[in-house]
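Student: The following block contains the structure, expressed as structure tokens.
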Amino acid sequence: MPCDLMLIAYDGSENAKRAIEYAGRFLSANRAIVLTAWEPMVRQAARLSGLSGVMQPEWVPDDEIEDVAYVDARATNAEGVLLAELAGLNAEARTVECTTTIWNAIVECADELDADIIVAGTRGATGIRALLHSSVADAVLKHCHRPVLLVPPGKTT
């Protein structure tokens, strides 16, 4: 029996593509929402300049010009929807502006939609790399209260 709604976190990475492939193989859903979270360029620039210690000049984006990060997120999301359809899922597109963290945007969207399951790929970082880099997939698993299918990277030969 299929679930009503599956939420697939998609960022265009090989691991996210693999997660869609496995969702199509092992899960069935009436609807599959492919979600791409994005952060506006002005916030990305502010965060990066803050990390570097460099003062950022006052910069206000032109409202007339579409944010390049949003344009990229829509293109990435369209790719994910196509992959989900090819995997046999009834896929729909959704992009969401990230206001805090990527994992939080995913969890909030799942809550808003009352998703039955969240599907995401993992980077498969281990050891010191896992300690130095936060994992979106791990944070989703820890902070949401619904089933999660985490698909690890494929075995390297």
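The values are calculated or read from the model by the stated rules, or taken from the named source; none is laboratory data. What you are looking at is a predicted structure, and each value in this text was computed from that prediction instead of being measured. For neighbour counting, all protein chains shown are included, and Cβ atoms are generated from backbone atoms with ideal geometry for every residue, glycine included. Quick note on the areas: whole protein, heavy atoms, side chains included, nothing else; ligands and nucleic acids left out. Shrake-Rupley method; radii C 1.70, N 1.55, O 1.52, S 1.80 Å.
Student: For residues that are within 19 Å of Pro2 (Cβ to Cβ) and either touching a Phe, Trp or Tyr at 6+ places or on another chain (Cβ under 7 Å) or without any contact (Cβ under 8 Å) to a residue 60 or more places away in the chain (or both), scanning just the range 71-85, find the one that is most open to solvent (accessible area, probe 1.4 Å).
Tutor: Ranking the qualifying residues of the range 71-85, first place goes to Glu85.
Student: Scan the range 97-105 and give yes if some residue there is modelled with pLDDT under 90, over 18 Å from Arg18 (Cβ atoms) and of a type in the set (D, E, K, R), otherwise no.
Tutor: no
Student: Quick test of your reading of the structure: Asn90 fulfils all but one of (1) open to solvent by less than 20 Å² (accessible area, probe 1.4 Å); (2) within 16 Å of Asp4 (Cβ to Cβ). Name the failing condition by number.
Tutor: Of the numbered conditions (1) open to solvent by less than 20 Å² (accessible area, probe 1.4 Å); (2) within 16 Å of Asp4 (Cβ to Cβ), the odd one out for Asn90 is (1).
Student: Considering only the range 74-112, how many residues are assigned to a helix (DSSP H, G or I) and farther than 18 Å from Leu27 by Cα? It would help to see each step written out before you state the result.
Tutor: Residues of the range 74-112 that are assigned to a helix (DSSP H, G or I), as a first pass: 74-86, 102-112.
Next cut, farther than 18 Å from Leu27 by Cα only: 74-79, 102-109, 111-112.
Of the residues in that region, 16 qualify.
Student: Which residue is surrounded by the most Cβ atoms within 10 Å (Cβ to Cβ), if the candidates are limited to the range 1-15 and must be among the small types (Gly, Ala, Ser) and not in a strand (DSSP E or B)?
Tutor: Restricting to residues being among the small types (Gly, Ala, Ser) and not in a strand (DSSP E or B), the top hit is Gly12.
Student: Let me ask something additional. Looking only at residues that are over 11 Å from the mean Cα position of the chain (by Cα), open to solvent by 10 Å² or more (accessible area, probe 1.4 Å) and among the hydrophobic types (A, V, I, L, M, F, W, C) in the range 16-39, which one is farthest from Asp67 (Cα to Cα)?
Tutor: Phe26
Student: Specify the residue that is modelled with the highest pLDDT; the eligible residues are those in the range 106-157 that are surrounded by fewer than 16 Cβ atoms within 10 Å (Cβ to Cβ) and of a type in the set (Ser, Thr, Tyr).
Tutor: Restricting to residues being surrounded by fewer than 16 Cβ atoms within 10 Å (Cβ to Cβ) and of a type in the set (Ser, Thr, Tyr), the top hit is Thr156.
Student: Might you check whether a residue that is modelled with pLDDT of 90 or more and either aliphatic (A, V, I, L, M) or loosely packed, with under 11 Cβ neighbours inside 10 Å (or both) occurs anywhere in the range 40-58?
Tutor: So in the range 40-58, the residues modelled with pLDDT of 90 or more come out as none.
There is no residue in the range 40-58 that is modelled with pLDDT of 90 or more and either aliphatic (A, V, I, L, M) or loosely packed, with under 11 Cβ neighbours inside 10 Å (or both).
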